[in-house]
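Below is one structure, written out as structure tokens, with a few remarks after it.
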Amino acid sequence: MLREFNLLFIKERRKELGKTLQEMADSLEMKNASTYMKYENGEYSFKAVHLPVLAKQLECNLSNFFIKNFAKTAK
């Protein structure tokens, strides 16, 4: 089973919780909000070490970050 990273969930959940880009950047030890925004917009890829911190900040489970894509079977 393939899993796609759900950047839309991350952005929407951050907004839902009222967290700023700078707050997220600080929690992930990034230089500034614009750096974090590049991750959230998919210009950079989140690293595995970022995921537990993101989950804590966004009050969710790691599994929320992934969309399940089931491979279609040939008939």
Could you pull out the longest piece of the chain with no exposed loop chymotrypsin sites (Phe, Trp or Tyr not before Pro) in it, calling a site exposed if DSSP puts it outside H, G, I, E, B and it has at most 14 other Cβ atoms within 10 Å? 1-43
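Over all alpha-carbon pairs in the chain, figure out the percentage whose distance exceeds 20 Å.
So the portion of pairs separated by more than 20 Å is 28 percent.
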Cut-off under 14 Å on the C-alpha distance; same-chain residues fewer than 8 positions from LYS68 excluded. Which aspartates and glutamates are left, in chain and number order? GLU4
Could you work out the helix-only [θ] at 222 nm for the chain, with each DSSP H run of four or more residues adding -39,500 (n - 2.57) and the total divided by the number of residues, to the nearest 500 deg cm²/dmol? -12000 deg cm²/dmol
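Counting other Cβ atoms within 10 Å of each Cβ, which GluC sites (Glu not before Pro) in segment 1-42 have at most 13 and sit in a DSSP loop?
GLU29
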With every protein chain kept in place and a 1.4 Å probe, the chain has an accessible area per residue in Å² of 72
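The values are calculated or read from the model by the stated rules, or taken from the named source; none is laboratory data. Computed from a prediction, not measured in an experiment: that's the story for all the values here. Please note: Cβ atoms are built from the backbone with ideal geometry, for glycine as well, and neighbour counts cover all protein chains shown. Each accessible area value is taken on the protein alone, full model and side chains, heavy atoms only, with ligands, DNA and RNA left out. Shrake-Rupley method; radii C 1.70, N 1.55, O 1.52, S 1.80 Å.
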